[in-house]
Amino acid sequence: MKEFVRITASNRRRPRPDNKDLGFGRVFSDHMFLLDYTTDRGWHDPRIEPYAPFSMAPSAAVLHYAQAVFEGLKAYRGVDEKVRLFRPRDHVARLVRSMRRLCMPPIRAELALESLLALVEIDREWVPRGRGTALYIRPTVIATEAYLGLRPSETYTYFVILSPVGPYYSGALNPIKVVAFDEFSRSVPGGTGAIKTAGNYGGGLLAMEEAKKAGFDQVLWLDSVEHAYIDEIGNMNIMFRIGDEVVSPPLSDTILPGVTRDSALTLLRDWGVRVVERRIAIDEVADASRSGRLREVWGTGTAGVICPIGEIAHKDRRIAINGNGELTARLYDSLLAIQYGTADDMHGWMVEVGSRRS
Ligand SMILES: *Cc1c(COP(=O)(O)O)cnc(C)c1O
């Protein structure tokens with residue numbers, strides 16, 4: 001990487017805030033990674049520069065037609081001070097799938113992986129110390145051509161920025177309250193719900209605001225056809241512990257294939273828990289609650305890793321969850337142990353920064 005990445009002003013060092021002042025996604029590290037695409041040169045000029053605003057034509061396609069995709073993953077500082085990325089290859093593979101869905105020329109997976117490792121290595125001092133903290137990595141691809149005609153852009157920029165994030169939970173896992181609406185949909189069959197593209201998130205803001213106004217933390221997304229089956233929770237995948245089984249909606253073109261989802265299901269299967277991926281209706285969840293069999297519900301995603309859900313509202317129903325959060329806590333602790341290097345990384349999920357130089 002060092003041979004072909006141009007690095008400018010790499011000795012710039014800004015002060016780093018305390019963990020307690022980090023929050024999520026407000027503070028950015030010293031550097032960013034950039035890579036450009038033109039039809040004649042392909043992807044070219046990989047480089048690391050100081051984190052700074054960049055300029056773009058007001059007519060750039062991304063600003064009008066949302067031809068943009070992104071990823072979100074984390075680098076963790078282990079108890080041994082080594083810095084490791086959690087499943088970066090899976091995130092890169094998903095980025096490439098997102099790019100293809102939005103008619104972008106795919107980037108080479110190996111180059112994308114190198115970009116993450118090289119950037120985090122240069123800014124490794126920005127990886128915070130402490131349980132629950134991490135360096136959030138945001139790779140993004142935008143269409144930059146100055147053209148208002150509607151067709152795939154002929155120029156793109158891939159960039160990666162880094163944001164140190166503080167503990168998501170202060171102390172114990174806090175269960176959140178969620179609400180399902182019939183009048184909003186996140187994604188539709190044949191649409192873009194299974195990829196990380198900018199438009200999906202702008203389109204969800206109004207439902208989020210309505211949920212907050214009604215006193216809830218997140219939106220529980222139902223399928224957009226029948227408003228009967230559960231898709232996701234906020235920007236997380238969802239799992240239900242009903243009786244002795246864990247149920248999670250199956251991947252489809254309306255559900256984002258979460259890396260944390262896959263990791264949680266893998267651990268559950270390792271532990272011998274019966275895991276079923278099938279459609280689950282909100283009515284079934286309400287029935288399970290009434291009969292006392294709805295023991296736990298949690299969301300999975302890079303930001304909060306595992307997020308317990310304490311109450312579900314739908315129309316005039318309030319669905320209570322009866323359990324003690326045993327599996328939720330076990331999953332959270334086990335994933336964190338792998339991420340901070342205190343447990344065996346049996347599945348080879350962690351990729352250490354600075355260990356692949358040839
Ligand atoms: C990113 C995201 C997730 C979680 O994916 P992870 O890979 O686990 O971070 C789930 N749902 C939506 C809609 C997302 O955007």
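The alpha carbon convex hull volume per residue for the chain rounds to 143 Å³.
Full extension of the chain between VAL79 and LYS213 yields a length gain of 44.2 nm, computed as 0.36 nm times the residue separation minus the alpha carbon distance. Against the empirical 2.2 N^0.38 Å (N residues), the range 52-104 has a Cα radius of gyration ratio of 1.59. Evaluate E = 1/(1 + (r/R0)^6) for LEU148 and ARG47, where r is the Cβ-Cβ distance and R0 equals 22 Å; express this FRET efficiency to the nearest 0.05. About 0.15, to the nearest 0.05. Here the chain has 51 percent of its accessible surface on carbon and sulfur atoms, given a 1.4 Å probe and all protein chains in place. Under 5 Å from the amide H of ILE233 lie the amide H atoms of TRP221, ILE238, each residue being 5 or more positions distant or on a separate chain, with H modelled from the backbone and absent for Pro and chain starts. The modelled label-to-label distance between ALA329 and ARG131, using points 7 Å beyond Cα along the C-beta direction, is 1.2 nm. A simple count of charges around GLN218, restricted to other residues whose Cβ falls under 14 Å of its Cβ and scoring Lys, Arg +1 and Asp, Glu -1, yields -2.
Counted over all Cα-Cα pairs of the range 158-229, pairs farther apart than 16 Å make up 63 percent. In plain terms, the chain from LEU206 to GLU352 could stretch by 48.6 nm, reckoned as 0.36 nm per residue minus the Cα-Cα distance.
The trypsin sites (Lys or Arg not before Pro) of the range 85-128 meeting both criteria, a DSSP state outside H, G, I, E and B (loop) and at most 15 other C-beta atoms within 10 angstrom of the site's C-beta, are ARG108. Computed from backbone phi with θ = phi - 60° and the Karplus coefficients 6.51, -1.76 and 1.60, the 3J(HN,Hα) list for the range 257-266 is x, x, 5, 5, 4, 4, 5, 5, 5, 4 Hz; x is used for glycine and proline. Only lysines eight or more places from LYS213 in sequence, or on another chain, were considered; those with a Cα closer than 28 Å are LYS20, LYS177, LYS196, LYS315. Compute the separation of the alpha-carbon centres of the range 172-195 and the range 77-92 and state it in Å as a whole number. Cα centroid of the range 172-195 versus Cα centroid of the range 77-92: 28 Å apart. Which residue fluctuates the most in the chain, going by a Gaussian network model with Cα springs under 10 Å, if the choices are SER163, SER55, SER185? Evaluated over the chain, the most mobile residue of the options is SER55.
Positive contributions from Lys and Arg (+1) and negative ones from Asp and Glu (-1), summed over other residues with Cβ under 13 Å from the Cβ of PRO106, come out at +4.
In summary, the lysines within cross-link reach of LYS82, defined as a Cα separation below 17 angstrom excluding same-chain residues under 8 places away, comprise LYS74. Protein heavy-atom accessible surface, 1.4 Å probe, per residue over the chain: 44 Å².
Backbone geometry of the range 107-116 corresponds, through the Karplus equation with coefficients 6.51, -1.76 and 1.60 at θ = phi - 60°, to 3J(HN,Hα) couplings of 8, 5, 4, 5, 5, 4, 4, 4, 4, 5 Hz, x marking Gly and Pro. Scaling against 2.2 N^0.38 Å puts the C-alpha radius of gyration of the range 1-153 at 1.10. The local environment of GLY199, defined by Cβ-Cβ distances under 13 Å, has a net charge of +3 under the rule Lys, Arg +1 and Asp, Glu -1.
The values are calculated or read from the model by the stated rules, or taken from the named source; none is laboratory data. Here the structure is a predicted model, which means the values were calculated and not measured. No Cβ is skipped: glycine too gets one built from the backbone with ideal geometry, and neighbour counts run over all protein chains shown. The accessibility values were calculated without ligands, DNA or RNA, using every heavy atom of the protein model including side chains. Shrake-Rupley method; radii C 1.70, N 1.55, O 1.52, S 1.80 Å.
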